[in-house]
Amino acid sequence: MKAEDGFASAVLHGSDVCFAVPGYPVTDLAEKCGAEYTLNEKIALEYALGMSLSGKRVVVIVKNAGMNTLSDPLVSATYQGLKAGVVIIAGDDTEVRGSQTRQDSRKYGDVASVPVLEPTSDDLCSSVEAAMRSSETYSRVAIIRVTPAVLDAGILDVSLPERRNGYGIVFPDDLTMKGRCEYAETITAVMKQKLIRENTVPETFASRGHYRTLCRNCPYKPLFSILKNTLLQNNTAAICDTGCSLLSKNPPFCFSHANYGLGSSPAVAAKSTKIALMGDYAVLHSGLNALIDMYEKHGSLFCIILKNRKLGMTGGQDCPDILPYLARFTPTVVSADDPRLEELIEKGVTENTGLGILVVEGECPSGENHETIEC
């Protein structure tokens, strides 16, 4: 039997869902695993993280160059945590038969502080369960690196280990960004069997003494309050993005569940809470690809976009108008003070069928900064 066939059996046995982007040397493997194809590797991993939040084990199959595209959510996941296991199978084209580069995907183990398994052909069938357990133990993505020589080798038997679902964690909500990094670094020390630094307590809002929230005269304060109440009443949460929407994780709002990098919220939310919150720049940066992928697949998502035409977290640089690029999705466009806002949010949260996009327009107050509030 070809090792690749046994490996596919192990993927189907050890995971619930598989996403992939085709490319040598893993195209045939993805086909044998019945993988769902996505427009790019970043979307595939973001979908996987969303499924993980929903308690589903996921495998993502990509070639070596695809690791570059998914590296942003890969690194972000290490500092956010996850629930069910997420494993990337990275096919390295060592002979450069179907690639422009000969990259070594093992290097991403150091870049993202994640476990990397490099099985032989005889170990392929046990590697998926081992990688899943590592992912769930350390609350981060794990990588299995394979090559054509390993996939094409012959094996005598397929012996699949017992599947034993574990459970990782999404990092506590009261941690600051610095605290999340400290929390992750402590887990990394355990993973690498290093001594944990003494007296290292991750920074929380309480220990720092303050948290950041929206600007004093931010036009989106009413929207955030409506979202907080509506999501609480419906016992759900949003997936937020990098930018001002990230402040929805902080007091006094606290209605967002996780963030896996700029432009990540649509794909992650599509496979978890079905509600995404993001800024207009996040859409243009990399979120638009996920919206296209969902549109083509008739997926369900309620995506709320804050259109302020500014990069509010990085100095207020101008952002192009997103509406021409969203036209195909027929978004609903309202102002931040529109009296229909509460009704539209309630409808979007409760009905949530198909791809619904609500663009909320507001103008950043001149000369203001995010407020710092004492705990």
Q: Tell me, please, whether a residue that is polar (S, T, N, Q), open to solvent by 70 Å² or more (accessible area, probe 1.4 Å) and touching a residue at least 60 places away in the same chain (Cβ under 8 Å) can be found in the stretch 145-164.
A: no
Q: Please specify each residue of the stretch 307-329 satisfying the condition of being modelled with pLDDT of 95 or more, open to solvent by less than 10 Å² (accessible area, probe 1.4 Å) and not β-branched (Val, Ile, Thr).
A: Leu326
Q: Answer with yes or no whether Cys218 is touching a residue at least 12 places away in the same chain (Cβ under 8 Å), more than 23 Å from the chain's Cα centre (by Cα) and surrounded by 14 or more Cβ atoms within 10 Å (Cβ to Cβ).
A: yes
**Q.** Which listed residue, of Ala35, Ala10, Ala48, Ala30, is within 18 Å of Gly287 (Cα to Cα) and at pLDDT 95 or above
**A.** Ala48
Q) Which of the residues belonging to the stretch 52-74 are in a helix (DSSP H, G or I), of a type in the set (A, V, I, L, M, F, W, C) and under 13 Å from the mean Cα position of the chain (by Cα)? A) Leu53, Leu74
Q | Condition met for Ser248 (surrounded by 23 or more Cβ atoms within 10 Å (Cβ to Cβ) and in a helix (DSSP H, G or I)) | A | yes
Q: Return yes when Glu136 is part of a helix (DSSP H, G or I), over 30 Å from Asp5 (Cβ atoms) and under 27 Å from the mean Cα position of the chain (by Cα) and no when it is not.
A: no
Q: Output the residue which, of all residues in the stretch 86-98 that are in contact with a strand residue (DSSP E or B) (Cβ under 7 Å, 6 or more places away or on another chain) and in a loop (DSSP other than H, G, I, E, B), is nearest to Ser264 (Cα to Cα).
A: Asp92
Q) Here are Ile169, Ile196: which of them is at pLDDT 95 or above and surrounded by fewer than 16 Cβ atoms within 10 Å (Cβ to Cβ)? A) Ile169
Q | Residues of the stretch 349-375 that turn out to be exposed (fewer than 15 other Cβ atoms within 10 Å of the Cβ), in a loop (DSSP other than H, G, I, E, B) and touching a residue at least 60 places away in the same chain (Cβ under 8 Å), as a count | A | 5
**Q.** Selection within the stretch 313-348 - out of contact with any Leu (no Cβ under 7 Å at 6 or more places or on another chain), over 12 Å from Val360 (Cβ atoms) and in a loop (DSSP other than H, G, I, E, B)
**A.** Met313, Thr314, Gly315, Gly316, Asp321, Thr330, Pro339
Q. Quick check, is Thr213 in contact with a strand residue (DSSP E or B) (Cβ under 8 Å, 6 or more places away or on another chain), at pLDDT 95 or above and part of a loop (DSSP other than H, G, I, E, B)?
A. no
**Q.** Members of the stretch 1-32 that are crowded, with 24+ Cβ neighbours inside 10 Å, in contact with a Ser or Thr (Cβ under 9 Å, 6 or more places away or on another chain) and part of a loop (DSSP other than H, G, I, E, B)
**A.** Val21, Pro25
**Q.** Enumeration of residues in the stretch 223-245 that are open to solvent by 70 Å² or more (accessible area, probe 1.4 Å) and either in contact with a helix residue (DSSP H, G or I) (Cβ under 9 Å, 6 or more places away or on another chain) or part of a loop (DSSP other than H, G, I, E, B) (or both)
**A.** Lys228, Asn229, Gln233, Asn235
Q: State which residue is nearest to the chain's Cα centre (by Cα) when the search covers only the stretch 273-293 and only residues that are surrounded by fewer than 24 Cβ atoms within 10 Å (Cβ to Cβ) and in a helix (DSSP H, G or I).
A: Ser286
**Q.** Residue check for Gly263: open to solvent by less than 20 Å² (accessible area, probe 1.4 Å), part of a loop (DSSP other than H, G, I, E, B), farther than 17 Å from Ile226 by Cβ and in contact with a Gly (Cβ under 9 Å, 6 or more places away or on another chain)
**A.** yes
Q: Just need a number here: residues in the stretch 96-130 that are acidic (Asp, Glu) and open to solvent by less than 40 Å² (accessible area, probe 1.4 Å).
A: 1
(Q) Going by what's in this entry, would Lys83 be described as of a type in the set (Lys, Arg), in contact with a strand residue (DSSP E or B) (Cβ under 8 Å, 6 or more places away or on another chain) and open to solvent by 10 Å² or more (accessible area, probe 1.4 Å)? (A) yes
**Q.** Subset of the stretch 11-29 [among the aliphatic types (A, V, I, L, M) and over 24 Å from the mean Cα position of the chain (by Cα)]
**A.** none
**Q.** Yes/no for Val75 being modelled with pLDDT under 95, open to solvent by 40 Å² or more (accessible area, probe 1.4 Å), hydrophobic (A, V, I, L, M, F, W, C) and in contact with a helix residue (DSSP H, G or I) (Cβ under 7 Å, 6 or more places away or on another chain)
**A.** no
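The values are calculated or read from the model by the stated rules, or taken from the named source; none is laboratory data. Note that the structure is predicted; figures quoted are calculated from it, not measured. Glycine also receives a Cβ, built like all others from the backbone with ideal geometry; neighbour counts cover every protein chain displayed. For the accessible areas, the whole protein counts, side chains as well, though only heavy atoms, and no ligand, DNA or RNA atoms are used. Shrake-Rupley method; radii C 1.70, N 1.55, O 1.52, S 1.80 Å.
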